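Asks: The structure under discussion is supplied below as structure tokens; questions concerning it will follow.
Read the figures in this text as sums done on the coordinates, not as results from a lab. Predicted model only: the values in this text are computed from it and were never measured.
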Amino acid sequence: MKKFMLLAALSAALYVQVNAQVIEVTSVPQPVVTSFQSGYPGVGPVVWTKNGTLYVADYKVNSADRYVTYDATGKLVEVGEGVDENSLPENAKVYVKTKYKGDHIKKVYKIKDANGVTIWKGKVKEDYVMFDENGNPMKMKRDD
């Protein structure tokens with residue numbers, strides 16, 4: 001059940017990412033800004049987006065893409081970090097190599113939810129692919 005809930009939340013996040021709206025920090029609820037500043041002091045510049053009811057802070061650390069997602073009360077939803085394809089668990093690499101012969105996964109993110117559960121997400125051709133923490137495929141969504 002826990003995996004189902006996580007999968008549902010991540011599916012919703014993928015859907016709303018496409019419809020993300022860049023917003024000014026002045027439009028971000030103060031509890032969200034406070035949570036971000038407390039958890040990530042001195043990080044900047046930050047681009048804020050609103051995905052449905054969620055707020056996302058996008059930023060870079062040493063040229064690596066990172067993001068933090070909060071609900072409107074400032075509660076952490078998930079943290080994502082752009083990683084190299086070689087960071088993927090072996091099962092995920094084998095899956096991509098087998099299913100997408102001659103292609104590779106691009107823009108890989110290692111995502112941790114508020115409970116510390118890890119998911120790997122990336123894009124191969126026009127498909128989003130998601131893997132659990134062990135690299136087992138979870139879902140695939142066509143890029144809209």
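Asks: Using Cα-Cα distances under 8 Å and only pairs 6 or more residues apart, what relative contact order does the range 44-144 have, in percent?
Replies: 17
Asks: How long is the gain from GLU81 to TYR40 if the chain were fully straight, where each residue apart is worth 0.36 nm and the alpha carbon distance is subtracted?
Replies: Taking GLU81 through TYR40 to full extension adds about 13.4 nm, to one decimal.
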